[in-house]
Amino acid sequence: MTPKTMRDRSPDRILVVDDEPEILIALEDLLAEDYQVLTAGSPEEGLALLAREPEIAVIVSDQRMPGMTGDAFLARAREISAAEALLLTGYADLEAVIRAVNNGRIAGYAPKPWEPTALRSLIAGACERYRLARALETERRLLQGLLDNSADALSFKDAEGRFLRLNAVKAAALGASVAECLGRREAEFLPPAEARALAEAEAEAIAAGAPTERRDERRGDERAPRWFDVNRIPIRGQGGATEFLVTIEREVTEARLLEARLRQADKMQALGTLAGGVAHDFNNLLTAILGSLRMAVRGDLEKDRLERLIRNALAAAERGAALTQRLLSFSRNRTLSLRPTEVNRLLAGMEDLLARTLGGMVRVRRELDPALWPALVDPDELELAVLNLCVNARDAMPEGGVVCLATRNATVPDGTEAPDPAPGEYVVISVRDTGAGMPPEVLERAFEPFFTTKEVGKGTGLGLPMVYGMARQSGGTVRIASTPGQGTEVELYLPRSPEPAAVPEAPRSPARPARPARILVVDDEPAVREVTAGFLRELGHAVLEADSAAAALRMVEEGAALDLVVTDLAMPEVSGLDLALRLRALRPPLPVLLITGYLDLDRVPEGIPVLHKPFRQHELARRVAELTAAPR
């Protein structure tokens, strides 16, 4: 006979044990329609059958049988079977029933002769209890197997946060045994800060009423961080309220560290590409600076020509300084300085720079709208964007060609389907080349950061993304069109400024201060120290110089009369910041001005003024005047 599986719920198997054949036949006839009935004529035969057939749902046994009473048989049967037990007796033998209840754990008894409907109901109830008991046993074994064998930390809590079940992994993480945790709250095993964070996370999961997932960072006694992915699953009761909370915690420290190493590798690769592209951009600027200065020192040039060359070198150097600031602030979401700008004038001012940068094989043509509106944009960022686009155009024309710079006014009307940019008035700058163009698969990725088709060291893949970012931050957008063999056109849409552009300021000639000051300049770079000291001397100040913080401290300790110390931040051995802090203790009234090329100055305390490199002479004059005029 084939044993019944747990999924095959019908018919249940019933074992009837009685020493009277007529009783066996009667019970089999009564039950055969709903159950699979097995019979045994003696307790010994019943025990042997149970040993062979474990899937018995209910045992129905007579009490008075030769050799072994029914209660004794059921007690023996309980040792080898999980079947429900019913006792039949023809006598009012209360003691036998009590023994059967205690030893055989019978589910009920029926007198002889039995009432058929009542007996069938009794057996049906016993079968249902058997099925429920088997289902619960299966659930228990599955749960216990999961708890015992899972590498994840598992726990089951009631609505008050008390452990109902947990595995050894979870208990070990709390520094306790499973038995020590049961009935207690997890917060009892945690430091106060972690306990508060746990309470918030569990409250969030219960309030959500749905599974939540989060990544937690934890620190043990060794303070090395560990990361865990934590899933919390609220279990609702019949009334709809959350009654239990299941937590699954998987440590992902190793995966997290691997991800960090991969990100670092990606960053280093991008940094290498970026360094090559930066060198490329700086070489363009240095070409303009060095070329202009070399021609300027010949000595046989007319004054106008000489001034133009010097202005060109200064403009290229300032663009290099602006490029450095952009690199330093690349990851900081820098805010643009938007102001009304006359775009045609800005493009005209780039004539010499573009000529030097693009070389003799590329001709620049201009189609500038004389009635162009003023644009609301950061002019320094716009110059870099145009320079970037022109360099891209040059690189697309290795055999030479034409770059056309054009400007026009444009209005995007309301009601335009999916407008980009939004409806409004815009100044459009177009950079068009006669180069190789781009195939569709390259054009689709043109604004993707670090995507480049150039050789390593000749492009960063950041040029067009930076241009796009500048336009979007300004309130506009960028459009690009390209056809292989027919060139590329990039259009910058910049919002129209409601105000006119400011008239350019005349070149500033530093005014002499009302009161000359004695200033100590500290810098380990002789060339930089000479420029800073030279600026100050031209302003009429008396200047002392020191090539290190140690030398500066000796001068102050020896009683040098000073009104101000101007020091570089990054110096070997003793930094400018350390020097400033020591001077505060040594001579509190003496002001110190830090000069630095870095943007991140989190370590610099409030109250210590900072001037960023590269600086102009009038900027230095203003800061010196502020510091020396302040009462001390």
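The values are calculated or read from the model by the stated rules, or taken from the named source; none is laboratory data. Computed from a predicted model, the values in this text were never measured in an experiment. Cβ sites come from the backbone with ideal geometry, for glycine too, and all protein chains shown count toward neighbours.
Pairing each residue of the range 77-92 that is within 18 Å of Cys127 (Cα to Cα) and among the hydroxyl-bearing types (Ser, Thr, Tyr) with any residue that is at pLDDT 90 or above and not in a strand (DSSP E or B), provided the two are 6+ apart or on different chains, yields C-beta distances under 8 Å for Ser81/Leu50; Ser81/Ile56.
For the range 411-429, which residues satisfy the criterion of being surrounded by 14 or more Cβ atoms within 10 Å (Cβ to Cβ), at pLDDT 85 or above and not aliphatic (A, V, I, L, M)? Scanning the range 411-429 gives Gly424, Tyr426. Of all positions in the range 136-154, at least one carries a residue that is under 30 Å from Glu33 (Cα atoms) and either crowded, with 18+ Cβ neighbours inside 10 Å or not β-branched (Val, Ile, Thr) (or both).
Do we have any residue at all in the range 280-290 that's in contact with a Ser or Thr (Cβ under 9 Å, 6 or more places away or on another chain), part of a helix (DSSP H, G or I), within 18 Å of Leu382 (Cα to Cα) and modelled with pLDDT of 75 or more? Checked against the condition, which is being in contact with a Ser or Thr (Cβ under 9 Å, 6 or more places away or on another chain), part of a helix (DSSP H, G or I), within 18 Å of Leu382 (Cα to Cα) and modelled with pLDDT of 75 or more, the range 280-290 yields no hits at all. The C-beta contact set for the range 296-307 (first residue over 14 Å from Asp352 (Cα atoms), second residue of a type in the set (S, T, N, Q), distance under 8 angstrom, 6+ apart or interchain) is empty.
Residues that are farther than 30 Å from Ala317 by Cα, at pLDDT 90 or above and touching a helix residue (DSSP H, G or I) at 6+ places or on another chain (Cβ under 7 Å) are absent from the range 522-544 altogether. Selection of the range 352-372 for residues being without any contact (Cβ under 8 Å) to a residue 24 or more places away in the chain and not aliphatic (A, V, I, L, M) yields only Gly360.
One residue stands out in the range 541-555 among those that are buried (at least 22 other Cβ atoms within 10 Å of the Cβ) and under 49 Å from the mean Cα position of the chain (by Cα): the one that is nearest to Glu573 (Cα to Cα), namely Ala549. If you go through the range 569-607 and pick out every residue that is assigned to a loop (DSSP other than H, G, I, E, B) and either closer than 21 Å to Ala551 by Cα or at pLDDT 90 or above (or both), you end up with 12.
Give me a count of the residues in the range 368-402 that are assigned to a helix (DSSP H, G or I) and either more than 22 Å from Asp433 (Cβ to Cβ) or among the polar types (S, T, N, Q) (or both). Result for the range 368-402: 4.
Which one of these is assigned to a helix (DSSP H, G or I) and more than 35 Å from the chain's Cα centre (by Cα): Ala625, Ala561? Spell out how you get there, then give the answer.
Working: Ala561 fails: assigned to a helix (DSSP H, G or I).
Every option except Ala625 fails the conditions.
Checking the structure you have, find out if any residue of the range 602-612 is in contact with a Lys or Arg (Cβ under 6 Å, 6 or more places away or on another chain) and either among the basic types (Lys, Arg) or outside the structural domain of Glu318 (by TED's automatic domain parsing) (or both). Yes, the range 602-612 has at least one match.
So which helices (runs of 4 or more DSSP H) stay within the range 1-100 end to end and still have 1 or more residues that are at pLDDT 85 or above and among the small types (Gly, Ala, Ser)? Steps first, please.
Values: elements: 21-31, 43-52, 70-80, 94-99.
Hits in the range 1-100: 21-31, 43-52, 70-80.
The numbered conditions (1) part of a helix (DSSP H, G or I); (2) in contact (Cβ under 8 Å) with a residue 12 or more places away in the chain are all true for Ala176 except (1). Checked against (1) under 40 Å from the mean Cα position of the chain (by Cα); (2) modelled with pLDDT of 85 or more; (3) part of a loop (DSSP other than H, G, I, E, B), Pro614 passes all but condition (2). The listed residues are Gly401, Gly320, and the only one of them that is farther than 20 Å from Leu285 by Cα and either surrounded by 15 or more Cβ atoms within 10 Å (Cβ to Cβ) or at pLDDT 90 or above (or both) turns out to be Gly401.
Please find, within the range 240-261, the residue that is surrounded by the fewest Cβ atoms within 10 Å (Cβ to Cβ) out of those that are in a helix (DSSP H, G or I) and basic (Lys, Arg). Give the steps one after another, and end with the answer.
First pass over the range 240-261, keeping only residues in a helix (DSSP H, G or I): 253-261.
In the following step, the residues that additionally are basic (Lys, Arg) were identified as 256, 261.
Values: Arg256: 17, Arg261: 10.
For the range 240-261, the residue satisfying everything is Arg261.
This table checks each residue for (1) surrounded by fewer than 16 Cβ atoms within 10 Å (Cβ to Cβ); (2) modelled with pLDDT of 80 or more.
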{"residue": "Glu441", "(1), (2)": "yes, no"}
{"residue": "Phe450", "(1), (2)": "yes, no"}
{"residue": "Gly463", "(1), (2)": "no, no"}
{"residue": "Ser509", "(1), (2)": "yes, no"}
{"residue": "Ala517", "(1), (2)": "no, yes"}
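Restricting Arg394, Arg432, Arg408 to those that are surrounded by fewer than 19 Cβ atoms within 10 Å (Cβ to Cβ), more than 34 Å from the chain's Cα centre (by Cα) and not aliphatic (A, V, I, L, M) reduces the list to Arg408. Of the listed requirements (1) in contact with a helix residue (DSSP H, G or I) (Cβ under 9 Å, 6 or more places away or on another chain); (2) surrounded by fewer than 15 Cβ atoms within 10 Å (Cβ to Cβ); (3) among the hydrophobic types (A, V, I, L, M, F, W, C), Ala561 misses just one: (1).
Confirm whether Arg165 is of a type in the set (Lys, Arg) and closer than 30 Å to Ala83 by Cβ. Even if it seems obvious, please write down each step before you answer.
Values: of a type in the set (Lys, Arg): yes; closer than 30 Å to Ala83 by Cβ: yes.
Here the answer is yes, as Arg165 does meet what is asked.
Considering only residues in the range 539-553 that are in contact with a Lys or Arg (Cβ under 9 Å, 6 or more places away or on another chain) and assigned to a helix (DSSP H, G or I), the one that is nearest to Ala517 (Cα to Cα) turns out to be Leu553.
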